[in-house]
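In what follows, a single structure is set out as structure tokens and then discussed.
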Amino acid sequence: MRGRRLDILTISLLAFLAMPAATGRADERYDCEKLKGEPSIRACTSLIEAGSNSAPVMAIAYLNRGLEYFGMGYYDQAISDYSASISLDPRNANVYNNRGNAYHAKRDYDRAIADFDQAIVLSPGLTLAYNNRAVAYAGKGDLDRAIEDYSQAIALDPAYAGAYGNRGNVFFKKGEYDRALVDFDQAIVINPKSALFYRSRAKAYQELRLYDRAIADYRRSLELRPSETAEAGLKVAQVLLKEQSKPEPRIEMSFRRMPNTDLSGPLLDAQSIGDLASCESACAGNGSCRAYSFNMWNAMCFLKGDPTLRLMEPSTMSGLKDDTYPPPISDATVAMIRFRHKLFPGDPFRQSSQDRFEDCEASCRDSDSCVAFSFIKTELACRMFDNAGEYSNDEQADSGAKRQTVN
């Protein structure tokens, strides 16, 4: 993400529960539930210290006081009160959810997740608990688990704009900007008055170099709510749009391309770059660069000095500047690497029926033209490729490829 990240949406707090009929002064019970801040805390404390109230009244008094402590940033006091409420009423999923919020605020992600787990056990349809657990997983860096929980929250409540926005943030962190845009679009459809959603979408547009759209979203975000972050983003997008409109200098340089090949040699630079042409341009503009290797599966460009060896690598296209002598081909053993539950795209140069993955692998190994293969389990089909695009997830397929490594 080039050093940038989006703020995670604030974890939503549950509304106060209604107080059941029980002993205790009616005005204190009302103040505990309805007032905010210190007045509520005093009323709840009075109910707790009276010693004459029923367990349900005490449980909710602890819960309400915990909510106020949480809102004031006193997370340890909030956790203590939520725990007391749980001891009096251990079946209340909402209290576990709120205590999980307090642990999350302290960045104690494991305890937060444990509380959200329990809330979900007690109330499997508690949408907020899935959303909040996802926020905790994202805090731990477990982005795939976070996406799973946000998706579950959305399945339970398709109108949950916050879950779409949060999931979009995680896709953004993973560099999956197109998927982030889809989620931000949906969040805005559900809640078109959220300045945060427009700002988040603007950042995704900016990463995709769609600066005019980013500028429009930053401006809409500022109309809805003034923000220094949006102001700064708008200025950056305007500068980038201006730079984008300048004609780029043309660098005339020809390369000898070598598919399915990696080059061993001194590494000058490694860049995350969008396409092969950009990688060639980067090498052409570097006076020390004699060759490049572009990993098509990961969109990584490696600029190199004089190459010393050619290696078989189906994920990579390499190129030599027109005055660079081709290095020798490696005599290293060609190994077959396996990718379980992966499928290579495109049209194979050969397809045949095979009963087993191992038979398909052997056919590719014995073929001089084959650099990668996919075995379709449901069809018992073996597809062989002389060029391999980036594989995708597919439970019904297993794949493999040839590779050499430097001895």
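The values are calculated or read from the model by the stated rules, or taken from the named source; none is laboratory data. Computed from a predicted structure; not experimentally measured. Every residue, glycine among them, receives a Cβ derived from its backbone with ideal geometry; neighbour counts consider all protein chains shown.
Quick look at the values:
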item	result
Residue in region 34-62 that is farthest from Asn94 (Cα to Cα), counting only those that are in a loop (DSSP other than H, G, I, E, B) and free of Cβ contacts under 8 Å to residues at least 24 places away in the same chain	Gly51
From the options Asp183, Asp178, Asp144, Asp149, residue that is more than 29 Å from Ala78 (Cα to Cα), under 14 Å from the mean Cα position of the chain (by Cα), charged (D, E, K, R) and surrounded by 22 or more Cβ atoms within 10 Å (Cβ to Cβ)	Asp183
Elements of type strands (runs of 3 or more DSSP E) in region 283-348, at least 3 residues being within 17 Å of Phe373 (Cα to Cα) and out of contact with any Pro (no Cβ under 7 Å at 6 or more places or on another chain)	309-321, 335-343
Subset of region 349-361 (residues that are in a helix (DSSP H, G or I) and of a type in the set (Ser, Thr, Tyr))	none
Selection status of Phe339, aromatic (Phe, Trp, Tyr), in contact (Cβ under 8 Å) with a residue 24 or more places away in the chain, farther than 17 Å from Asp398 by Cα and in the same structural domain as Arg365 (by TED's automatic domain parsing)	no
Test: residue in region 381-399 that is over 33 Å from the mean Cα position of the chain (by Cα), surrounded by fewer than 19 Cβ atoms within 10 Å (Cβ to Cβ) and not assigned by TED's automatic domain parsing to the domain that holds Leu268	yes
Residues (of a type in the set (Gly, Ala, Ser), within 13 Å of Ile48 (Cβ to Cβ) and surrounded by fewer than 18 Cβ atoms within 10 Å (Cβ to Cβ)) located in region 69-85	Ser80
Qualifying residue in region 188-196 (condition: assigned by TED's automatic domain parsing to the domain that holds Ser227, surrounded by 16 or more Cβ atoms within 10 Å (Cβ to Cβ) and closer than 22 Å to Ala105 by Cα)	yes
Pair list, Cβ < 7 Å and 6+ apart or interchain, from region 64-86 residues that are closer than 15 Å to Ser40 by Cα and without any contact (Cβ under 8 Å) to a residue 24 or more places away in the chain to residues that are aromatic (Phe, Trp, Tyr) and assigned to a helix (DSSP H, G or I)	Gln77/Tyr69; Asp81/Tyr62; Asp81/Tyr69
Region 285-298, subset modelled with pLDDT of 90 or more and among the small types (Gly, Ala, Ser), residue farthest from Arg257 (Cα to Cα)	Ser288
